[in-house]
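What follows is a set of notes on a single structure, which appears directly below.
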Amino acid sequence: MTRVPKQPTVAVARKRRTPAPPEETFLGMPAFRHGAKNALANTQQRRNLRHATGTIRAKRAAVVGEVADWEGLRRAGEDVKNDVLAHLDSYLVQFEEQFTKAGGTVHWASDADEANRIVTDLVRATGADEVVKVKSMATQEIDLNEALEDAGIAAWETDLAELIVQLGHDRPSHILVPAIHRNRSEVREIFLEEMGRYGTAAPGDISDSPPELAGAARIHLREKFLRAKVAISGANFAVAETGTLVVVESEGNGRMCLTLPETLISVVGIEKILPSVADLEIFLQLLPRSSTGERMNPYTSMWTGGGSGDGPHDVHVVLIDNGRTNALGRLHGRSALRCIRCSACLNICPVYERVGGHAYGSVYPGPIGAVLTPQLRGITSDIDASLPYASSLCGACFEVCPVRIDIPELLVQLRHEVVEKKSHARVPSANQAIFAGASWMMADARRLTAAQKLASAASRILPKSGHLGPLPWPMSKWSNARDLPNPPAESFRDWWKREHEGGRP
Amino acid sequence: MTGENLEASVRPTAITDPGAGRPGAGKTVALFATCINDTMFPQTPKAVVSLLERLGCRVEFPLGQTCCGQMFTNTGFFDEALPTVRRYAEVFAPYDYIVAPSGSCVGSVRDQHPMLAERTGDRSLVERVRAVTARTLDLSEFLVDVLGVTDVGAYFPHRVTYHPTCHSVRVAKVGDRPYRLLQEVRGITVVPLPAADQCCGFGGTFSVKNPDVSVAMGADKAHHVMETGAEFVVTGDNSCLMHIGGVLSRLNSGIRPIHLAEILASTEGAHP
């Protein structure tokens, strides 16, 4: 997301129609470690995340474990997506032809601004001043809701968790479960405080039981579903062979949005293509098992163009690039475009589990965000240059990825790009100097031996407690919370020389 | 691997093999100590020497060795990693078995050295690197797969818990070999570690680039270790162990970090 500060226009005088998101934007966010430090101090969020990711990990493991050839399925998914990315040009044109033939209209947008302009114009043309929305990462990515708000159009999120986030003046912190950082008592308070300002209020005596909370949301949303003339969605898949769009969801809010309004506008990343309907066999197994830990998701909606009869008559798709062709042109980076947004990598990630999504400064948080965002936005800002380092490289993400994106390998390749970019700076950083020095030392065993002698000499004057406690900066980065063993009096190689080579150490 | 031929060409066969009758008889092993063990934890490679010699192997320590270069590679300093890749390929070229007490360093050698060599476009380097990296084994792999032993004759009368380090499992893919080796140690009690498959938070330079997250992960790992009531936490990687042990030490937990090799080298009358 690259929202620029609002220009002071006549819009300032107008009252907002939807809840305002937080003031701070992702643009200009500090490096990951700063956001992470704040997030770690949020004890409520840490407890919520530990509980939620633990639950969903266990569910996923159970339903993946029961598939006879899960590895075969993963490889099939990887192969299909690799084929799509290798022939994206022709598949996109094929999709456009089929979608158009079926009565839909295809629009192309190279970036977020263009996509927002197209959608805003399409909504304006209908005369509507509000839209209902199916949960969509693409529209989060381009920050469509705020673009519509600026145009005087209210965009209502209808996914339960997106509704919680929107009413809470908050940002999503997870690809699939955007309110994962909230617990039910927080949700109750948000509903009580905010629902009445934007529609049907929550009952004053509402408890924090999930059925009561969902009931309040259902009543609040129903009013909006029945009134809406325009719906906006994303899509999980776009089938080139038939021009079919597919949305996979759990709550039925998507089905309401996709069938009730007269106009349907879908904002879809160009990498969402699948060659044929038959390929859905693979992905409709991979996606629900990896994401919600279900054998099958409750609602799968498919539509091909528009037309008369039931459902929307005026059907549009806005195919967005917004940095995807940057990633496509990169040898290693391209594989990140296989992502089907299941979020299994977020749920398994020990870093994500502790810091949550907001620290990543991107609508795509977690391991996939750390490899995707710097490629979509470029490694220009502090936050984007720090994202490839927001991982211990433990490799759990690669293990669970349904399309086998080797995220650790991508992270390392992106780190190399960050290093290369910084190497052009006029003054070398302390980091560069340290690694250049260490490289020189490790190039020759005699230099390493000399360094070891220094460590051994230090050990002789250090206290005999066996370990070092807190030390000054920069060692404090290690020693603030961890002891360090005293260096040994003799390195292994000195011992070896003494014992085996008969030489002096 | 052309084990016996190469060995014969490099080293004249001794008239009497001191390892005769033991699993390692006739096998010469080049020990890759790894820079962190060599410098900070010499007791671990010493334990490898004692263990492998006890099993009948002949152990050599090529003095030209330095480091696998992982700290450079994983931080993005590919050019700076290259001297270690060249050095490794040169120093260990003559050996059939290159054994290191570190799943992480072995993983880096096997997984990253070929990639780094490819970047140079030097085909001969790539071939030399591929040849030597394919012969590099973690200690647990060498014991179980090459020597075919899980009972190494060790004695360690203590309660321990084992943390399977991420790179040993997910990059070097040592699987359950360390468990099988531990299970056969006489006198030992191995207690399962809760959430064993979660990273300890070390992550190489991650531990100082993102120290707060690293310590948050380390604290959880330390708590799980303490829940087991073990006296020792065991891994096959001293780098992760330095982090877990650093947290446990700061907490005065009374739990000692120990490398798998040191347990396997322990015998009646010679154990910590």
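Read-outs: derived from the displayed coordinates by stated rules, not from any lab. For clarity, every value in this text was computed on a predicted model and none was experimentally measured. Cβ atoms come from the backbone with ideal geometry, glycine included; neighbour counts cover every protein chain shown.
Considering all C-alpha pairs of the protein assembly as shown, those separated by over 47 Å amount to 28%.
Please get the size of the charge dipole for chain A, origin at its Cα centre, with Cβ charges of +1 on Lys and Arg and -1 on Asp and Glu, quoted in debye to the nearest 20. Each step should come with its number before you reach the end.
Values: 59 positive and 59 negative charges, 447 e Å.
Value, rounded to 20: 2140 debye.
Each of the peptides A:442-454, B:64-76 was scored by the mean count of other Cβ atoms within 10 Å over its residues; in descending order, highest first, they stand as B:64-76, A:442-454. P(r) for chain B, from all Cα pairs and a bin width of 10 Å, is 7, 30, 35, 21, 7, 1 %, short bins first.
Please give the average number of partner chain Cβ atoms lying within 10 Å of the Cβ of each residue in A:425-435, rounded to a whole number. Please list the in-between numbers first.
Numbers: counts 0, 0, 0, 0, 0, 0, 5, 2, 0, 4, 9.
For this peptide, the per-residue mean of nearby foreign Cβ atoms is 2.
Packing, taken as the mean count of other beta carbons within 10 Å per residue, orders the peptides B:215-227, A:101-113 from highest to lowest as B:215-227, A:101-113. For the pair A:Leu226 and A:His51, a Förster radius of 51 Å applied to the C-beta separation gives a FRET efficiency near 0.90, rounded to the nearest 0.05. Computed from the Cβ-Cβ distance with R0 of 25 Å, the FRET efficiency linking A:Ala278 to A:Ser90 stands at 0.90.
The helix-based estimate of mean residue ellipticity at 222 nm for chain A, built from -39,500 (n - 2.57) per DSSP H run of four or more residues and divided by its residue count, is -14500 deg cm²/dmol to the nearest 500.
Dividing the Cα radius of gyration by the Kirkwood radius, what Rg/Rh value follows for the stretch A:445-500? The partial results should precede the final answer.
Details: Rg = 13.1 Å, Rh = 12.5 Å.
Using Cα coordinates only, the ratio equals 1.05.
Every pair of different Cα atoms in the stretch B:159-265 enters the Kirkwood calculation, which places the hydrodynamic radius at 13.7 Å.
Using only alpha carbon pairs under 8 Å that are at least six residues apart, calculate the relative contact order of the stretch A:375-505 and give it in whole percent. The partial results should precede the final answer.
Values: 79 pairs, mean separation 18.2, N = 131.
Value for the stretch A:375-505: 14 percent.
Amide H to amide H distances under 5 Å link A:Ile273 with A:Ala238, where only residues 5 or more positions off or on other chains count and H is placed in the peptide plane. Taking every Cα-Cα distance in the stretch A:16-164 and sorting them into 10 Å bins starting at zero, the pair-distance distribution P(r) comes out as 8, 21, 28, 30, 13, 0 percent. The label-point distance for A:Arg16 and A:Ala451, in a model that sets each label 7 Å from Cα toward Cβ, rounds to 5.2 nm. For A:Glu130, nonlocal amide neighbours, meaning residues 5 or more places apart or on other chains whose placed amide H falls under 5 Å from its own, are A:Ala154.
Within chain B, the cysteines lacking any other cysteine Cβ closer than 4.7 Å to their own Cβ are B:Cys57, B:Cys200, B:Cys240. Residues in the stretch A:307-324 carry Karplus couplings, in order, of x, 8, x, 5, x, x, 8, 10, 10, 10, 10, 10, 8, 10, 8, 6, x, 5 Hz; the curve used is 6.51 cos²θ - 1.76 cosθ + 1.60 with θ = phi - 60°, and Gly or Pro positions show x.
Each residue of the stretch B:218-226 is assigned a 3J(HN,Hα), and the resulting list reads x, 5, 5, 4, 4, 5, 5, 4, 5 Hz, derived from the Karplus form 6.51 cos²θ - 1.76 cosθ + 1.60 (θ = phi - 60°), x at Gly and Pro. Here is how the number arises for chain B: DSSP H runs of 4 or more residues each give -39500 (n - 2.57), the sum is divided by the residue count, and the result at 222 nm is -13500 deg cm²/dmol.
Projecting the Cα atoms of A:Asn145, A:Gln94, A:Ser391 onto the charge dipole of chain A (Cβ charges, centred on the Cα centre) puts A:Ser391 farthest toward the positive pole. A straight chain from A:Glu66 to A:Glu24 at 0.36 nm per residue would run longer than the Cα-Cα distance by 10.7 nm.
What percent do you get for the relative contact order of chain A when only Cα pairs under 8 Å and 6+ apart count? Don't skip to the end; give the middle numbers.
Working: 846 pairs, mean separation 96.9, N = 505.
It comes to 19 percent, rounded to a whole number.
Across the stretch A:257-322, counting alpha-carbon atoms alone, Rg and Dmax equal 14.0, 37 Å.
Here the relative contact order of the stretch B:159-265, from alpha carbon pairs under 8 Å that lie six or more residues apart, stands at 32 percent. Here the label points at B:Thr150 and A:Leu192, each 7 Å from Cα along the C-beta direction, are separated by 5.8 nm in the simple model. When the Cα positions of A:Tyr299, B:Met115, A:Val239 are compared along the charge dipole of the protein assembly as shown, B:Met115 comes out farthest toward the positive end, with charges on each C-beta of Lys, Arg, Asp and Glu.
Computing Rg and the Kirkwood Rh from the Cα coordinates of the stretch A:382-505 gives a ratio, Rg/Rh, of 1.07.
Between the C-alpha center of the stretch A:469-505 and that of the stretch A:105-161 there is a gap of 59 Å. Peptide A:439-452 has a mean of 5 when you count, residue by residue, the C-beta atoms of other protein chains within 10 Å of its C-beta.
Each label point was placed 7 Å from the Cα along the Cα-to-Cβ direction; for A:Leu462 and B:Ala131 their separation is 4.1 nm.
Suppose we keep just the DSSP beta bridges with both residues in the protein assembly as shown; what percent of those would be antiparallel, to 5?
Numbers: 12 of 56 bridges.
Around 20 percent of the beta bridges assigned by DSSP in the protein assembly as shown are antiparallel ones.
A cut-off under 12 angstrom between Cβ atoms defines the neighbours of A:Lys135, and their net charge, with Lys, Arg +1 and Asp, Glu -1, is -3.
Can you give me the convex hull volume of the Cα atoms of the stretch B:3-146, divided per residue and expressed in Å³?
Numbers: hull volume 14.7 nm³, N = 144.
So the per-residue Cα hull volume is 102 Å³.
Amide H contacts under 5 Å for A:Val318: A:His107, A:Ser266, A:Val267, A:Val268, restricted to partners 5 or more places along the chain or on a different chain, H placed in the peptide plane at 1.01 Å from N.
Take every residue in peptide A:350-358, count the Cβ atoms of other chains within 10 Å of its Cβ, and give the average of those counts.
On the way: counts 13, 9, 1, 4, 8, 4, 0, 0, 0.
Neighbouring Cβ atoms belonging to other protein chains average 4 per residue here.
What are the DSSP H helices in chain A that stretch 20 Å or more along their long axis, judged by alpha-carbon atoms, and whose average Kyte-Doolittle hydropathy comes to at least -1.0? Working shown, then result.
On the way: long enough: A:43-65 (33 Å, -0.83); A:70-86 (24 Å, -0.74); A:112-126 (22 Å, -0.15); A:210-227 (26 Å, -0.39); A:407-423 (24 Å, -0.20); A:445-461 (25 Å, -0.02).
Long hydrophobic helices here: A:43-65, A:70-86, A:112-126, A:210-227, A:407-423, A:445-461.
As a calculated quantity, the FRET efficiency between A:Glu499 and A:Met296 at R0 = 60 Å, using C-beta atoms, amounts to about 0.40.
Taking each pair of different alpha-carbon atoms in the stretch B:29-98 once, compute 1/r for the pair, average those values, and report the inverse of that mean as the Kirkwood hydrodynamic radius in Å to one decimal.
13.0 Å
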